[in-house]
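Worksheet for the structure shown next.
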Amino acid sequence: MADLFDFERAASLYAVMGNPVAHSKSPQIHRMFAKQFGMHIDYQKIQVDVGGLDQAVANFRAAGGRGLNITLPFKIEASRLVDDLTPRARLAGAVNTICFEESGRTTGDNTDGVGMLRDITANLGYAVSDRRILVIGAGGAVRGVLGPLLEQAPELLVIANRTVDRAVELERHFSSFRCLAGCGFEDLAGQRFDIVINGTSASVRDEIPPLPVRVFRPGALAYDMMYLDRPTAFLRWADEQGAEKCADGIGMLVEQAAESFYVWHRRTPDTRPVLAAMAA
Ligand code: ATR
């Protein structure tokens, strides 16, 4: 890792840390954003061993790093390493963006939820307010996005998970939002939704969560937080089930990156050309 820490370039040094991280498109996205403002940033990918996050963050900081993105499986651990948490990171209990402040303090933020919300509402044109939303999964990925969805005041937001206790635990954690319910897959029989969001890791193994048929209302959006180089098993199934629109997580990736970019640079990039480049 020593070659990453080039002190001459450190004033604009950023990175994403994860395991695995080789596939990450974040360096490409952040470079495209920086180019819009005529900025040069050095954005690296750093593979971190499980158990090594603390040291890796300390090394990066000592080398003059200014900001970090944190990806799987370290988002929850990262929330315990920083000095301060933004309200949305505290609510999520997970951090995907770290800012090394001039003061020497580190702030942990979470831009995943706002990124997904912007993709669903602004890019795809689907409303969340007053709609029936189903979120599948109850792991770290889902925890990160619930706050911004709930703040839109959906009519109902159901979290369905294979391990029911984890869904119920999330219902408890977000209990200040009355429209939220946690349950198992069998409880979904007969229920229909306007937006169904897959936040499980099932797509990695080309598996489909056991959802009932007719889960989509007419005009529904099926959204997979994951992206692959082909439609995920969930999106293929949703298409067969008659979902109006099927979208993968590439738009969320670009939008969360834009929000991280804003956190670090106080500049709002135009995501449209980057979304187009990613889709191509
Ligand atoms: P992450 O931080 O990516 O969310 P995680 O905490 O391991 O990772 O959570 C993975 C989620 O995908 C969980 O909700 C998991 O269900 P369990 O809590 O029952 O383990 C869900 N998941 C993974 N594979 C699945 C499958 N084949 N069908 C349904 N749910 C699945």
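Beta bridges from DSSP with both residues in region 113-248: antiparallel share about 0 percent, rounded to the nearest 5.
Every helix of 4 or more DSSP H residues in the chain counts as -39500 (n - 2.57), and over all residues that averages to -10000 deg cm²/dmol at 222 nm.
Counting alpha carbon pairs within less than 8 Å and at least 6 residues apart, what relative contact order, in whole percent, applies to the chain?
15 percent.
For Thr97, the residues 5 or more places off, or on other chains, whose built amide H falls under 5 Å of its own are Ile70, Asp109, Thr111.
Once both axes come from the Cα atoms, what is the angle between helix 26-36 and the longest principal axis of the chain, in degrees from 0 to 90, rounded to 10? Helix 26-36 sits roughly 70 degrees off the main axis of the chain. Here the Kirkwood formula, the inverse mean of 1/r across different C-alpha pairs, assigns region 6-115 a hydrodynamic radius of 14.1 Å. Kirkwood's formula applied to the C-alpha pairs of the chain gives a hydrodynamic radius of 19.3 angstrom. Between His173 and Leu81, residue separation times 0.36 nm minus the direct Cα-Cα distance comes to 31.0 nm.
Size estimate for region 87-179 follows the Kirkwood approach: the inverse of mean 1/r over distinct Cα pairs works out to 14.0 Å.
Packing around the peptides 75-88, 266-279, taken as the average count of other Cβ atoms within 10 Å per residue, puts them in this order, highest first: 75-88, 266-279.
Each Lys and Arg adds +1 at its Cβ and each Asp and Glu adds -1 at its Cβ; summed about the Cα centre, the chain shows a dipole of about 320 debye.
The overall shape of region 184-250 is oblate: from the C-alpha gyration tensor, with semi-axes ordered a ≥ b ≥ c, the ratio a/c is 1.5 or greater and a/b is no larger than b/c. For region 113-248, the equivalent ellipsoid derived from the Cα gyration tensor has semi-axes of 20, 17, 15 Å, listed largest first. Of the beta bridges in region 1-157, as assigned by DSSP with both residues counted there, near 35 percent are antiparallel. Dipole size of region 113-248 about its Cα centre, with +1 on Lys/Arg Cβ and -1 on Asp/Glu Cβ: approximately 140 debye, rounded to the nearest 20. Only beta bridges with both residues in the chain are counted; by DSSP, about 20 percent of them are antiparallel.
If you take the Cα centroid of region 154-210 and the Cα centroid of region 242-280, the two points sit 24 Å apart.
Values in this text are rule-based calculations from the coordinates and carry no lab data. Not measured: the values here are computed from a predicted model. Methodologically, a virtual Cβ is constructed for each residue, glycine included, from the backbone with ideal geometry; neighbour enumeration extends over all protein chains shown.
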